[in-house]
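Take a look at the structure set out below.
The values are calculated or read from the model by the stated rules, or taken from the named source; none is laboratory data. Every value quoted in this text rests on a predicted model; they were computed, and no experiment measured them. All Cβ positions, even for glycine, are placed from backbone atoms using ideal geometry, and neighbour counts span all protein chains on display. Quick note on the areas: whole protein, heavy atoms, side chains included, nothing else; ligands and nucleic acids left out. Shrake-Rupley method; radii C 1.70, N 1.55, O 1.52, S 1.80 Å.
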Amino acid sequence: MQTLANFGDGGPGPWILLFPVIWALVIGGGIALLRRTVWRGRRGGPWRQPPAGNDSPIAVLGHRFASGEIDEDEYWRRLSVLNEEFGRKGGAA
């Protein structure tokens, strides 16, 4: 081991390159980790999930009414049932 530490005439030899490579890997790994977790949520992009309210039962009912699958009477009847279970909690009834 003494020959590796004192390469040639007393210099550190090729091992001196090991420390910058280790630091580059640590810094690169930290940046990669941040990009995959924290920074990804702050930017818009195709990987972002749509808001959760789009698939609520009331929204689905509205889409069915708008597309003509159900008529107005059916819409209001089902909406009153859904409002009892999924409706606004602090409503002004």
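Across the protein chains, with a 1.4 Å probe defining accessible surface, the residues Ile27, Ile70 rank Ile27, Ile70 from largest area downward. When each of the peptides 13-19, 59-65 is scored by how many other beta carbons lie within 10 Å of its residues on average, the order from highest to lowest is 59-65, 13-19. With a simple spin-label model that places each label point 7 Å from the Cα along the Cα-to-Cβ direction, the separation between Arg77 and Trp15 comes to 8.5 nm.
When Trp23, Trp76 are compared by accessible surface with a 1.4 Å probe, the order from highest to lowest is Trp23, Trp76.
At an R0 of 35 angstrom, the distance between the Cβ atoms of Leu25 and Val60 translates into a FRET efficiency of 0.10.
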